[in-house]
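The values are calculated or read from the model by the stated rules, or taken from the named source; none is laboratory data. Since the structure is predicted, the reported quantities are computational estimates derived from the model, not experimental observations. Every residue, glycine as well, gets a Cβ built from its backbone with ideal geometry; the counts of neighbours run over all protein chains shown.
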């Protein structure tokens, strides 16, 4: 018999780390936002959010942007998240 189960946190979170993007993809929904002119959030703020996601034991975290890889601290963010996620949860980079 199927039963509804209450969750203590979301299964998946899409986290837009930075609005900045140096690309001009035709299919992008942010194409009109002039993403090159926007600014990056402070590292402390991003790390605080990632820490909260890890503490909440979110099963899957997807790091987005703008373009995540133009964020000056993308490596630090990735390493911190990977060190906080246990083996049974998922965090991955998917090249496009």
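For region 21-72, which positions are more than 19 Å from residue 83 (Cβ to Cβ), crowded, with 16+ Cβ neighbours inside 10 Å and touching a residue at least 40 places away in the same chain (Cβ under 8 Å)?
21, 65, 66, 67, 70
Can you pull out the residues in region 73-91 that are modelled with pLDDT under 80 and surrounded by fewer than 18 Cβ atoms within 10 Å (Cβ to Cβ)?
Those that are modelled with pLDDT under 80 and surrounded by fewer than 18 Cβ atoms within 10 Å (Cβ to Cβ): 84, 86, 87, 88, 89, 90, 91.
When you check residue 9 against the structure, is it part of a loop (DSSP other than H, G, I, E, B), at negative phi and touching a strand residue (DSSP E or B) at 6+ places or on another chain (Cβ under 9 Å), yes or no?
It is false that residue 9 is part of a loop (DSSP other than H, G, I, E, B), at negative phi and touching a strand residue (DSSP E or B) at 6+ places or on another chain (Cβ under 9 Å).
Determine whether residue 17 is surrounded by 15 or more Cβ atoms within 10 Å (Cβ to Cβ), assigned to a strand (DSSP E or B) and at pLDDT 90 or above.
When the stated conditions are applied, residue 17 passes them.
Any residue in region 21-31 that is more than 17 Å from the chain's Cα centre (by Cα) and outside any loop (DSSP other than H, G, I, E, B)?
Yes, some residue in region 21-31 is more than 17 Å from the chain's Cα centre (by Cα) and outside any loop (DSSP other than H, G, I, E, B).
Scan region 32-78 residue by residue and report those that are more than 13 Å from residue 16 (Cβ to Cβ) and part of a loop (DSSP other than H, G, I, E, B).
Passing the criteria: 34, 39, 42, 56, 57, 58, 59, 72, 73.
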